[in-house]
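Peer 1: Take this structure, written in structure tokens, and hold onto it; I'll ask about it next.
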Amino acid sequence: MVGERGLAAQLGELARALQDEVSFDDTLATIVTAALDLIPGAAQGSISVVEQGRSIRSHAASGELPVVLDTLQQKFQEGPCWDAVWEQRIVRVPDFRDEDRWPRFSRYAAEAGATGALSFQLWVQGENLGALNLYGAKPHAFDPEAEEIGLLVGAHAAVAFADAKQISELHQAVATRDVIGQAKGILMERYKITDQRAFLILSTVSQRGNIRLRDVADQVASTGNLPRSP
């Protein structure tokens, strides 16, 4: 059992470490590493990001198993991560071999080598969500103490996760704006047209070809040519 003073000191170190991280991926890796160090019974872990309420992406996975399990949850649209981000703050799985909440997922999870699991909701914004997922080395690896410590780790992680997500989205928005500006400049110079006309061309190609505006601009900026519509 982790002593209260020792745990408080370790959580303080985690908070400081998260403040020092500047990138989204580094922040998530720090969260997973700390969870594996602090939460009793945790052998592997990852952070799952659910985008638009349907697509799961695995981040900062400590090994192959968390990635496989995220793929299975994506396939079957069920599992501890789904319940953690949508319905409950925390989900504990004593043994996947005896788990009946998600019949299809549990069967394949057990076959993949998963025993027990512990999932914590980290972040919710509209249909975009995040969860910390931990997996034990043996069945019944997680007890109430693991849940309590996990909630404390999750509280620190949730703030850092949300901040890192916002910073990442801001950087992406700035990058998108820059590449669109480059593409418009190329079209303005080539066809001697206005800024508004160049943007209209990019938008029209995007809509007619069902291609993201950022991808259209990327191709123009990198090749000088507009993508061909299907």
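Peer 1: Springs between alpha-carbon atoms under 10 Å, Gaussian network over the chain: tell me which of 193, 56, 47 tops the mean-square fluctuations.
Peer 2: 193
Peer 1: Taking +1 at the Cβ of each Lys and Arg and -1 at the Cβ of each Asp and Glu, which of 157, 135, 71 sits farthest along the dipole of the chain towards its positive end, judged by Cα position relative to the Cα centre?
Peer 2: So the residue furthest toward the plus end is 71.
Peer 1: For every other residue with a beta carbon closer than 13 angstrom to the beta carbon of residue 173, add +1 if it is Lys or Arg and -1 if Asp or Glu, then tell me the sum.
Peer 2: Residues close to residue 173 contribute a combined charge of +1.
Peer 1: Pull out a ≥ b ≥ c, the square roots of the eigenvalues of the alpha-carbon gyration tensor of the chain, then state rounded if a/c is under 1.5, prolate if not and a/b is larger than b/c, and oblate in the remaining case.
Peer 2: Prolate, because a/c is 1.5 or more and a/b exceeds b/c.
Peer 1: Right, something else. For Cα pairs less than 8 Å apart in space and 6+ apart in sequence, what is the mean separation divided by the residue count of the chain, i.e. the relative contact order in percent?
Peer 2: Taking the mean separation of contacting Cα pairs over the length of the chain, I get 18 percent.
Peer 1: Work out the length of the dipole vector of the chain about its Cα centre, built from +1 on the beta-carbon of each Lys and Arg and -1 on the beta-carbon of each Asp and Glu, and round it to the nearest 20 debye. All intermediate terms of the calculation are to be shown ahead of the outcome.
Peer 2: Working: 22 positive and 30 negative charges, 277 e Å.
In debye, rounded to 20, the chain gives about 1340.
Peer 1: Trypsin sites (Lys or Arg not before Pro) within region 162-221: which are DSSP loop residues with at most 16 other Cβ atoms inside 10 Å? Could the numbers behind the result be given before it?
Peer 2: Values: sites: 165, 177, 184, 190, 192, 197, 208, 212, 214; in loops: 192, 212.
Taking region 162-221 and a limit of 16 other Cβ atoms within 10 Å, the loop trypsin sites (Lys or Arg not before Pro) found are 192, 212.
Peer 1: Would you be so kind as to identify which of 198, 61, 29 lies farthest towards the positive end of the dipole of the chain, taking Lys and Arg as +1 and Asp and Glu as -1 on Cβ and the Cα centre as origin?
Peer 2: Of the listed residues, the answer is 198.
Peer 1: Describe numerically, in nm with one decimal, the distance between label points set 7 Å from Cα along Cα→Cβ at residue 163 and at residue 182.
Peer 2: 3.1 nm
Peer 1: Looking only at GluC sites (Glu not before Pro) in DSSP loops with at most 14 other Cβ atoms within 10 Å, what is the longest site-free stretch of the chain?
Peer 2: Counting at most 14 other Cβ atoms within 10 Å as exposed, the longest clean stretch of the chain is 128-230.
Peer 1: Which residues' amide hydrogens lie under 5 Å from the amide hydrogen of residue 61, considering only partners 5 or more residues apart or on another chain, with H built in the peptide plane?
Peer 2: Amide H neighbours of residue 61, under 5 Å, 5+ apart: 47.
Peer 1: Once a ≥ b ≥ c are taken as the square roots of the eigenvalues of the Cα gyration tensor of region 171-223, is the result rounded (a/c under 1.5), prolate (a/b larger than b/c) or oblate (a/b not larger than b/c)?
Peer 2: Verdict is oblate for region 171-223.
Throughout, read-outs are computed from the coordinates displayed, never taken from laboratory work. All values reported here derive from a predicted model rather than from experimental measurement. When we count neighbours, we look across all protein chains shown, and the Cβ atoms used for this are built from the backbone with ideal geometry, even at glycine.
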